[in-house]
Amino acid sequence: MKLENAIHNLSIEKTKTIAFEDDKRSNQKGRIINSVDKSLKVLETVASAGPEITVSQISELLGLNISTCHHLVTTLVQKRFLTHLGRSRGYTLGPRLSELLEISEKEKEPQVFLATELRELGKKLGHSIQYAELKETTLFTKLHFPTQKRKLNEPSEIEKMTALHATATGKAILAWIPDTELVRIISANGIKKYTNNTICSLSGLIENLRLVRRRKFSLDDQEFSKGIVCIGAAIRQGAGAVIGSISVSLHSEDANKDYRSYLSKEIIAAANLFSNKIRSVKR
């Protein structure tokens, strides 16, 4: 057993050394791995050939030995990068490529790559923090990190879905969408009164959204839930299209004028940072 372990450890160290030397030579000379290069060319050939292509055709198009080409294709089939349609029909692209593309696209979703930073922002501020997106006429909270210090009795997420006019995340988004879209959303959801502070008229909401655009942040001053103040800002992509919004929530008794000013600056800065990250990821 000791001998086996020693051989195993020696094998690992040797593998690490070889890998290091290979990486070193690759970095120095820009070396291309022939087998990988050929495999990628096979995939490109199958992709451009249409619905199906045989090994013989791939071999001829790439100028590869038929045996080498067969081994490459077999490996790609086993790894699901290619699919064998039958002896007479040949091969087509396999499902693994679509799966990798789906994973790649999913990783670009804001809630995926902003989660860690949003959680850290919540810890820094010491308050509950959330990220929301608008889908059609409904507001969906994609990320929510509640405070671990002084907990809030926060309203139901289901209620928030149609309360865009009364929430900081909702108003941060509404402020930057076209007027026709705003009217459509309000027509679908209505302007329900939640507290005495809720804006319950379209004209009043439009005026408030002008203020949001001017200040770059939105404010829910106990408009959705009595005793809770929220400050939000929009996250935007490219030329300004709104992707979603973030907001911080706290007890109204803690939200004096100076502290609101501090939190609004932090939220605006975070929203700008997240917007820039999204732009770089979406390129």
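Here are a few things to note about the model shown:
- Annotation: amide H-H contacts under 5 Å for SER128 (H modelled 1.01 Å from N, sequence separation of 5 or more, or interchain): THR147, SER249.
- Area projected by the alpha carbon convex hull of the range 108-282, averaged over all directions, nm²: 9.2 nm²
- Residues in the range 71-80 carry Karplus couplings, in order, of 5, 5, 5, 4, 5, 5, 5, 4, 8, 6 Hz; the curve used is 6.51 cos²θ - 1.76 cosθ + 1.60 with θ = phi - 60°, and Gly or Pro positions show x.
- Other-chain or far-sequence residues with amide H under 5 Å of THR198's (modelled H): none
- Across the range 113-127, computed HN-Hα scalar couplings (Karplus, 6.51 cos²θ - 1.76 cosθ + 1.60, θ = phi - 60°) run 8, 9, 4, 4, 5, 5, 4, 5, 5, x, 5, 4, 7, x, 9 Hz from first to last residue, x flagging Gly and Pro.
- Net length available on complete extension from HIS251 to GLU181 is 22.0 nm, with 0.36 nm assigned per residue and the Cα-Cα distance removed.
- Among the listed pairs LYS192/LYS257; LYS142/LYS171; LYS123/LYS193, those with a Cα-Cα distance over 22 Å are LYS192/LYS257; LYS123/LYS193.
- Net charge over other residues, Cβ less than 14 angstrom from the Cβ of ASN196 (K, R count +1; D, E count -1): 0
- In order along the range 81-89, the phi-based Karplus estimate (6.51 cos²θ - 1.76 cosθ + 1.60, θ = phi - 60°) of 3J(HN,Hα) comes to 7, 10, 10, 7, 8, x, 4, 7, 9 Hz; Gly and Pro are listed as x.
- Applying a DSSP loop filter and a limit of 13 other Cβ atoms within 10 Å to the trypsin sites (Lys or Arg not before Pro) in the range 152-201 leaves LYS192, LYS193.
Any read-out appearing in this document is the output of simple, stated calculations on the displayed coordinates, not a laboratory observation. As the structure is a prediction and not an experimental result, all values here were calculated from the model. Methodologically, a virtual Cβ is constructed for each residue, glycine included, from the backbone with ideal geometry; neighbour enumeration extends over all protein chains shown.
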